[in-house]
Amino acid sequence: MIDALYHDYANWIIETSDLVEGLKTSNSNIYERFKYVIEVLEFLYNKKIEEKTLSPEESNIFETGFYYIFDAFENVKLLLEHDYNGDVELLNKHAGTVILLLDTLDFQNELIGAIEEPNEQHMQSLIDIEHEILSILEKQGDAPKELHEKLDNVTEGIYKELEMDYYPINNIFFDIADELGLI
């Protein structure tokens, strides 16, 4: 793996440290969603620094985790700046809705990555839910239970129709953290 990725990660840590630390110290569910990805990345980064090399599998895990968390935190930062004027505590009050948005984006990315040409109707239904969530967050509100259920029903239908299983990346990183003895 190119060492530039590790430099990018180090820069990302510096750039997002206030946000990550703010979420962590407030026991945010947003932080909890990424906790094991963060811990695995930190472990592998430190191993790379100390040992100068990682196995191909470890490099792949690092690359996947970093790109995932970078993208997710870019979305969180956009919400924080655009809708919450930089107020992490206020954003955290709507953590459930933020996580719903992140889940919706994860499902979209999963479909794009798993299928050469995703079904437009499937993608549109996820995009519609994304827009509903964004309009709620713009008003600094909380998504109703029905919207959570709607996402569950839509994704369940998509995965059933496509005969796919979905295993969220944060769950994968929980398993990896466990294998590495970080839990």
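Here are the numbers for the structure shown:
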{"quantity": "Selection from region 1-16 of residues that are in a helix (DSSP H, G or I) and either closer than 23 Å to PHE174 by Cβ or touching a Phe, Trp or Tyr at 6+ places or on another chain (Cβ under 8 Å) (or both)", "calculated": "LEU5, TYR6, ASP8, TYR9, ALA10, TRP12, ILE13, THR16"}
{"quantity": "Search result, residues across region 18-34 that are without any contact (Cβ under 8 Å) to a residue 60 or more places away in the chain and under 16 Å from the mean Cα position of the chain (by Cα)", "calculated": "VAL20, LYS24, TYR31, GLU32"}
{"quantity": "Among (1) touching a His at 6+ places or on another chain (Cβ under 8 Å); (2) open to solvent by less than 50 Å² (accessible area, probe 1.4 Å), the one test that ASP142 misses", "calculated": "(2)"}
{"quantity": "Inter-residue pairs, beta-carbon under 7 Å, first under 15 Å from ILE158 (Cα atoms) and open to solvent by less than 40 Å² (accessible area, probe 1.4 Å) and in region 89-110, second hydroxyl-bearing (Ser, Thr, Tyr) and in a helix (DSSP H, G or I), 6+ apart", "calculated": "PHE107/THR155"}
{"quantity": "Residues satisfying the stated conditions in region 145-162, i.e. out of contact with any Leu (no Cβ under 9 Å at 6 or more places or on another chain) and open to solvent by less than 40 Å² (accessible area, probe 1.4 Å)", "calculated": "GLY157, TYR159"}
{"quantity": "Residue within region 144-158 that is part of a loop (DSSP other than H, G, I, E, B), at pLDDT 95 or above and more than 27 Å from TRP12 (Cα to Cα) present", "calculated": "yes"}
{"quantity": "Scope region 163-183; condition open to solvent by 60 Å² or more (accessible area, probe 1.4 Å) and outside any loop (DSSP other than H, G, I, E, B); matching residues", "calculated": "ASN171, ILE172, PHE174, ASP178, GLU179"}
{"quantity": "Any hit, region 144-151, residues being charged (D, E, K, R), closer than 21 Å to LEU91 by Cα and touching a helix residue (DSSP H, G or I) at 6+ places or on another chain (Cβ under 6 Å)", "calculated": "no"}
{"quantity": "Count of residues meeting criterion [farther than 19 Å from LEU90 by Cα and exposed (fewer than 13 other Cβ atoms within 10 Å of the Cβ)] in region 16-58", "calculated": "9"}
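The values are calculated or read from the model by the stated rules, or taken from the named source; none is laboratory data. Just so you know, these numbers come straight off a predicted model, no measurement behind them. Backbone-built Cβ (ideal geometry, glycine too); neighbour counts: all protein chains shown. Accessible surface is based on the protein model in full, side chains and every heavy atom, while ligands, DNA and RNA are left aside. Shrake-Rupley method; radii C 1.70, N 1.55, O 1.52, S 1.80 Å.
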